[in-house]
Amino acid sequence: MEIKKQSVLVMDFGGQYTQLIARRVRECNVYCEIKSYKTTAQEIKDGKYMGVIFTGGPNSAYDANGPKCDPEIFSLGIPVLGICYGAQLMAETLGGKVESISDNREYGKTKIEVNPSSLLFHRAKPESICWMSHTDRITEIPHGFKITAISKDCPVAAMEDNKRNFFGVQFHPEVEHTEQGQLYLRNFLYNACNCTAEWRMDSFVNDVIDSLKEKIGDKKVLCALSGGVDSSVAALMIHKAVGKQLTCIFVDHGLLRKNEGDEVESVFKEQFDMNIIRVNAKERFLTKLAGVSEPEKKRKIIGEEFIRVFEEESQKLGKIEYLCQGTIYPDVVESGAGESAVIKSHHNVGGLPEDIGFEGIIEPLRDLFKDEVRRAGLELGIPEFLVYRQPFPGPGLAVRIMGEVTEEKLEILADADAIMREEFASAGLDRTVNQYFAVLTGIKSVGVMGDGRTYDNTIALRAVTTSDFMTADWARVPYEVLEKISNRIINEVKNVNRIVYDITTKPPATIEWE
Ligand code: XMP
């Protein structure tokens, strides 16, 4: 979809913050794309990029085998900002020198002094804190550059050539710990690249809807709606474009959270008058899951059954030309657009095979980061509880019930989980704790209730803070909140006599228990 007029290119040299840099640029309302460091000068010219950002990376700029950029990029007349490795590579390529810091590795929060007459540090505080993480440093700047920032251990914390609009920073402006990082990025984007703040979700949503109308014409589209943020926003965009030409199939496998199936159905059917087929397939899934306790086997059964139900339903609908997928930008990057390819550890249950017999796939969210998908959802009028829904695994509560999944266990877990979510919301923790849920541990233990001895289920509470779900810390939930949840579950949910709180980080544990 050719919707973006202005764009900046983030060239990925394998750094851990590549996607973060791109998100920060977008937060400045400037559209950007991530591509490999191998992108040539000609491709950059053809792409009409307004500026280029070189990311950090794990290599040394003086290492002959490390990733290099096409040197012609520096002859395009386009502004370039190099970050960490990117800055060192810029120095090395343009005739400067980079050396290893033998024993003085600079890591963490560092004070820098900046020259406010520099374009990058325009209106910046003369001294501020930034985030450093490097074992090499620039020791000689290339001809035409001047040093624009220093730190105690880094004689070239930043350099710039303001005639050619080349900038290099040793620190990471994209991370939160760099106090004025967003200002430096804005200066680069607005003052060096001459971008305007035109990347806005309201106009993007309208533009996508227009282009979907054109692309789909009078054809039909099918969407697997799960109630998750991505599939909801994608489906609604298509619905706004072509109305009832879109049919959504919502496979309710009976492993959803309490009331969730009804909530999803009512929002999309009643509020948006969408064409939704809800398939109540709980019996079918539970029959397949009977007697199965091995986690991977459970996941596999649910994934396969999901596809079977979806196929059966879609076959009843006659010819449908397009399939809608909720692919978002990190999926695109991670499947090969950048350098830092991450192997997806989860096969999403909503993921459908492509050979299911469609003329084409429609992916309205392909260009968006998750926070942008949320903003697009709000623009479209999707209720906040759906837009800010925490991630929920495709196989649902089945991976939070250790051992065999039964109707009775599902009920216990759904009730306990609902209480936990209610109490998190009323304590205001629902927006600060990234994911939280209850787990039916499969452990039974002895308790005492009234005068009698009990032998009943143990529920574990899991709550984590994380920015990327690859690593996570357990949330320091106030004792009072834990106490209230524990009391309520014991009193309100039958067959539970013990509550524990999971205090493991990821790694070594995962967020989910299975
Ligand atoms: P783990 O348990 O690996 O989970 O630390 C990381 C994140 O992924 C979610 N998750 C899934 N998401 N389909 C999904 O769409 C799945 O099968 C699946 N399994 C785990 C998990 O909830 C956490 O947010």
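The set of residues in the stretch 371-389 that are on the phi < 0 side of the Ramachandran plot, not in a helix (DSSP H, G or I) and not aliphatic (A, V, I, L, M) comprises P383, Y388, R389. Residues in the stretch 305-328 include at least one that is part of a loop (DSSP other than H, G, I, E, B) and under 24 Å from N259 (Cβ atoms).
Collect the residues in the stretch 74-130 that are of a type in the set (V, I, T) and assigned to a strand (DSSP E or B), keeping them in residue-number order. V80, I83, V98, T110, I112, V114, I129 - these are the residues of the stretch 74-130 that are of a type in the set (V, I, T) and assigned to a strand (DSSP E or B). Got a sec? Which of R498, R453, R462 is among the basic types (K, R), within 29 Å of the chain's Cα centre (by Cα) and either closer than 30 Å to V175 by Cα or assigned to a strand (DSSP E or B) (or both)? Criteria check complete, one pass: R462. Restricting the stretch 225-249 to residues that are within 16 Å of the ligand (Cβ to nearest atom) and in a helix (DSSP H, G or I), the residue that is nearest to V267 (Cα to Cα) is S232. A search for C-beta distances below 6 Å between a residue of the stretch 177-188 that is assigned by TED's automatic domain parsing to the domain that holds I53 and any residue that is part of a helix (DSSP H, G or I) and modelled with pLDDT of 95 or more, counting only pairs 6+ apart in sequence or on different chains, returns L185/R24. When V399, V405 are checked against the criterion of being at negative phi and within 27 Å of the chain's Cα centre (by Cα), a single residue qualifies: V399. Of all residues in the stretch 466-477, at least one satisfies being surrounded by 15 or more Cβ atoms within 10 Å (Cβ to Cβ), within 14 Å of the ligand (Cβ to nearest atom) and part of a strand (DSSP E or B).
Note on the stretch 413-450: residues that are part of a loop (DSSP other than H, G, I, E, B) and of a type outside the set (D, E, K, R) total 7. Does at least one position in the stretch 468-485 carry a residue that is under 30 Å from E283 (Cα atoms), among the aromatic types (F, W, Y) and modelled with pLDDT of 95 or more? No: the stretch 468-485 contains no residue that is under 30 Å from E283 (Cα atoms), among the aromatic types (F, W, Y) and modelled with pLDDT of 95 or more.
Summed over the stretch 367-399, residues that are more than 16 Å from the ligand (Cβ to nearest atom), at pLDDT 95 or above and of a type in the set (D, E, K, R) total 3.
The values are calculated or read from the model by the stated rules, or taken from the named source; none is laboratory data. Here the structure is a predicted model, which is why all the values come from computation and not from measurement. When we count neighbours, we look across all protein chains shown, and the Cβ atoms used for this are built from the backbone with ideal geometry, even at glycine.
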